[in-house]
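Visitor: Let me begin by handing over the structure; questions about it come next.
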Amino acid sequence: MKPVKELTLPRNNRQLVWTALRASRESWVTLAALSEQADVKSRTVYMYLQALIAAGYVAVETAADRCKLYRLTKDAGVDAPRLRPDGTEATPKNTEIIWRTIKIMHTFTLDSLTAHVRMTHEVQREWVKKYVISLLAAGYLGKRSREDYVLLHNTGSQAPQLLNIREVYDPNLKQIMLREVPDYE
C-alpha cells in the first residue's frame, strides 16, 4: 500500500486533547496549557474536559489563584474515549463496528459481515458494501473468490475512514490511502 502524497489530513481534536492529557498525566495542568499543547481551541478543550470529568477520567482542582487545574486519573489507553457531553460513552460509528468485525472475522462475504455486525448494531447492507469496496480499493482487503474477502492490512484499532465517497483515511498511519480524482480532461 502506498499512501497518497500531500493531502490535508483531518484533525481529531478529541484525540489531540487526550494525547496532551496523557503526556501530562503525572502533573496538574491548566486549560490554557492543554489548549496550547494540543493546538486546539480552549472552548473545544473545555467541552471535552467536562465530558471526561463526568466520566471519571479527569479530576479537577481549584488552585489558590482560583485557576482550575486538571489531571488524568483514569487512563483508557492511546485512543481517546468517545463521550457524550454528560460523560456517557458515545455509540461507535458504523465504520468502527465494521472494521472491528472485519479484524475478528479476517475472511468474510458481504452477507456474513453484515449479519455479524447486525447482531449488535443496526447497519444497512449497502453501507457495509460501500465500506468494503473502499477498503478493497485502498488495499486493506483482498478477494479470495468472487464473494470472499480477506483482510490484508490490519493497521490498528482505529477504523479507516471514508472522507468522502472516494477517499480512505487511516488514522493509525495518519495517511490517506486512496483518493480518486475525477478526470476533467
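The values are calculated or read from the model by the stated rules, or taken from the named source; none is laboratory data. Because the structure is a prediction, the values reported are computed rather than measured. Reconstructed Cβ throughout: ideal geometry from the backbone, glycine too, with neighbour counts over all protein chains shown.
Visitor: Leu83 is checked against (1) more than 14 Å from the chain's Cα centre (by Cα); (2) under 30 Å from Arg25 (Cβ atoms); (3) hydrophobic (A, V, I, L, M, F, W, C) and fails just one. What number does that condition carry?
Guide: Against the list (1) more than 14 Å from the chain's Cα centre (by Cα); (2) under 30 Å from Arg25 (Cβ atoms); (3) hydrophobic (A, V, I, L, M, F, W, C), Leu83 comes up short only on (1).
Visitor: Scan the range 49-77 residue by residue and report those that are in a strand (DSSP E or B) and free of Cβ contacts under 8 Å to residues at least 12 places away in the same chain.
Guide: Just the residues of the range 49-77 that are in a strand (DSSP E or B), to begin with: 58-62, 68-72.
The answer is Val60, Thr62.
Visitor: Right, something else. Give the residue that is nearest to Thr95 (Cα to Cα), with candidates limited to residues of the range 157-173 that are modelled with pLDDT under 90 and under 11 Å from the mean Cα position of the chain (by Cα).
Guide: In this case the residue turns out to be Gln161.
Visitor: I need a count of the residues in the range 78-105 that are in a loop (DSSP other than H, G, I, E, B) and farther than 15 Å from Tyr131 by Cα. Full working, then the answer.
Guide: Taking the range 78-105 first, the residues in a loop (DSSP other than H, G, I, E, B) are 78-82, 84-88, 90-93.
Still in the list and also farther than 15 Å from Tyr131 by Cα: 78-82, 84-88, 90-92.
Here the count works out to 13.
Visitor: Just to verify a result, which residue in the range 52-110, among those that are acidic (Asp, Glu) and over 26 Å from Ala159 (Cα atoms), is surrounded by the fewest Cβ atoms within 10 Å (Cβ to Cβ)?
Guide: Applying the filter and picking the extreme gives Asp65.
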